[in-house]
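The values are calculated or read from the model by the stated rules, or taken from the named source; none is laboratory data. Source: prediction; values computed, not measured. Methodologically, a virtual Cβ is constructed for each residue, glycine included, from the backbone with ideal geometry; neighbour enumeration extends over all protein chains shown.
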Amino acid sequence: MSNQLPLNPARSDDPHYRYKRPSVTIRYSNSNHTHISNADALCKAIFRGKKILFHFFSLNFATQVNTKKDWIKGFQSSQLVESAIDQFVISYVLCSACGNPETEIKIKSSKNVVYLKCKACGSRTYLSNTDKICEKILKMGKKALKNL
Ligand SMILES: [Zn+2]
């Protein structure tokens, strides 16, 4: 069973904070893979798709990932995976103005700019276009946004 964690790690002391995600459930296979057993539930809770989260894992752990089988290559401790998820949420999910996680990734194609559009306050959080995740989003293009 997994615990519920606050999406925004800075709100861990707030009992009224309503945005939660399950803690990561990990299984190690003989083939030297770290399987995220609850990747779907996790992604749903953080409002992002697996492709982008696992791409972040691959950069963060400098290794291969598989989004069909939900694994990260090598032995990654649950502690490190949890902290990677927190980092991902802070950088690519939370609105920088109000902290709400209900944001959508948008591309301003004329300028090759990626930003998070907040559904709560309407603010835009711009990603640096030297950011590797931003590069990936631009490469995948607008059509892929729905699945991000
Ligand atoms: Zn906001």
Self-check item: Contacts under 8 angstrom Cβ, first residue in the stretch 87-104 being within 10 Å of LYS119 (Cβ to Cβ), partner small (Gly, Ala, Ser) and not in a strand (DSSP E or B), 6 or more apart
Solution: CYS95/ALA120; CYS95/SER123; ASN100/ALA120; GLU102/ALA120
Quiz item: In the stretch 1-53, which strands (runs of 3 or more DSSP E) lie fully inside it and hold 2 or more residues that are at pLDDT 95 or above and touching a Gly at 6+ places or on another chain (Cβ under 9 Å)?
Solution: 33-36
Exercise. Being surrounded by fewer than 17 Cβ atoms within 10 Å (Cβ to Cβ) and of a type in the set (A, V, I, L, M, F, W, C) is the filter; apply it to the stretch 83-137 and report the residue that is farthest from the ligand (Cβ to nearest atom).
Key: VAL113
Quiz item: Taking ILE36 and the conditions (1) closer than 23 Å to VAL114 by Cβ; (2) in contact with a Lys or Arg (Cβ under 9 Å, 6 or more places away or on another chain), which numbered condition does it fall short on, given that it satisfies the others?
Solution: (1)
Quiz item: Does LYS69 count as more than 19 Å from LYS20 (Cα to Cα), of a type in the set (Lys, Arg) and either within 12 Å of the ligand (Cβ to nearest atom) or not in a loop (DSSP other than H, G, I, E, B) (or both)?
Solution: no
Quiz item: Restricting attention to the stretch 55-75, does a residue exist that is more than 16 Å from the chain's Cα centre (by Cα), buried (at least 16 other Cβ atoms within 10 Å of the Cβ) and not aliphatic (A, V, I, L, M)?
Solution: yes
